[in-house]
Each structure stands twice: as C-alpha cells, then as structure tokens.
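The values are calculated or read from the model by the stated rules, or taken from the named source; none is laboratory data. Since we're looking at a predicted model, the values are computed, not measured. Neighbour counts are summed over all protein chains in view; Cβ atoms, including those assigned to glycine, are modelled from backbone coordinates with ideal geometry.
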Amino acid sequence: MLYTFAMMNTHDLQALKISYSLLKVVYKFFEIDQKTRYYGTDVPLYPSEMHMINKIKQNEGIHVTGLANILKVTKGAVSQIIIKLEKKGLISKEKDINNQSKLVLKLTPKGETAYNSHIKFHKQIDDMVNEIIRNDSEENIKYLKGVLATLETKLERFKQEADK
C-alpha cells in the first residue's frame, strides 16, 4: 500500500516539512559555498583553492606533506592545487630555514586579500544567523543548538554506515 501525505499524522507531517526546509537550506548554502569567486583578487578561485589558502594561512610556513596530512588528501592532490595557486600569484614557496631540502608555503599579499575577503564572506553568513536569533530566548537558542548537534551526530553515524 502506498503511504501518502493524507495518511500521515500532523506531527509526522510537520517533521517532514521541517526536514524538507532544512534540506533546502543546506542545498542553498552548498550552492553559495561551492561557487567560484574572485575574493577581491583578479583571478577566479575554486572552493578547493580557497580551502587550501585558508589552511596555509592557519598554518603559516607549512610544508606540502603537512598540508596533505591536515586535509587528509594525497601530496599529489595538494601539489596540483599549489601549482595553480602559485601561478595565480596567491602563494609562494620558500626554502625552510630549518631544512633547506623542504619548501614552506606562504600567502602572497594577493593571497592575503583572498583570505581576508573569504573571512568577510563567512562573517556575512554568521551575521545572517545572528540577526535571525538575536531576539530569541536563551531556551530557544539552546534547543536549536541541541537539535543541530543531535542531527550532526546522527548524520555522521549515517555517513559511516553508508560508507561501509
């Protein structure tokens, strides 16, 4: 027998509507986050490149191997993106003063501009959330945080099961 909306109780129907609303928000965020942007520079930056710039900034002077370990990808994958970022003038490679056989990665001024613009972009999203919950009670905020934390935990378990 086919299960239809008409057969659902009010609570289940509300839960389904919330689930679909959440999915729409997630898809919209993903669509925004995955877009190629210039981030205040004269070159387009793909999400993977911007992610790499962020990690280099957060770990100034890191080597390719260290970056690969942090990102949990191969050194080859890191090297490919590093080459693109270097060609775009966003990063530089310099000899490690402690180990002349290794190169350390640093942001150029143009890379710093991209990083700062990306931080500003995320702050705009944070500000949207703050604006929405600004006048909510602590109880409502605590409840929402709990729902999101529980959902994150359940999704992680679901992902682990699906990956088996």
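For the reader, a short list of remarks on this structure follows.
- Count - residues of region 57-79 that are free of Cβ contacts under 8 Å to residues at least 12 places away in the same chain, closer than 23 Å to residue 40 by Cβ and surrounded by 11 or more Cβ atoms within 10 Å (Cβ to Cβ): 1
- Matching residues in region 70-86 - criterion: being modelled with pLDDT of 95 or more and at positive phi: none
- Residues satisfying the stated conditions in region 111-130, i.e. more than 13 Å from residue 50 (Cβ to Cβ) and basic (Lys, Arg): 123
- Residue 104 being in contact with a Gly (Cβ under 7 Å, 6 or more places away or on another chain), surrounded by 13 or more Cβ atoms within 10 Å (Cβ to Cβ) and in contact (Cβ under 8 Å) with a residue 24 or more places away in the chain: yes
Condition check ((1) loosely packed, with under 14 Cβ neighbours inside 10 Å; (2) among the polar types (S, T, N, Q); (3) in contact (Cβ under 8 Å) with a residue 40 or more places away in the chain; (4) more than 18 Å from residue 44 (Cβ to Cβ)) across all residues:
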| residue | (1), (2), (3), (4) |
| --- | --- |
| 81 | no, no, no, no |
| 88 | no, no, yes, no |
| 119 | yes, no, no, yes |
| 140 | yes, yes, no, yes |
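Here's the yes/no breakdown for (1) over 25 Å from residue 20 (Cβ atoms); (2) not acidic (Asp, Glu):
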{"residue": "60", "(1), (2)": "yes, no"}
{"residue": "104", "(1), (2)": "yes, yes"}
{"residue": "118", "(1), (2)": "yes, yes"}
{"residue": "128", "(1), (2)": "no, yes"}
{"residue": "138", "(1), (2)": "yes, no"}
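- Every condition in (1) free of Cβ contacts under 8 Å to residues at least 24 places away in the same chain; (2) of a type in the set (Phe, Trp, Tyr); (3) touching a helix residue (DSSP H, G or I) at 6+ places or on another chain (Cβ under 9 Å) holds for residue 20 except the one numbered (3).
- Failed criterion for residue 30 (all others in (1) among the aromatic types (Phe, Trp, Tyr); (2) part of a helix (DSSP H, G or I); (3) surrounded by 14 or more Cβ atoms within 10 Å (Cβ to Cβ) hold): (3)
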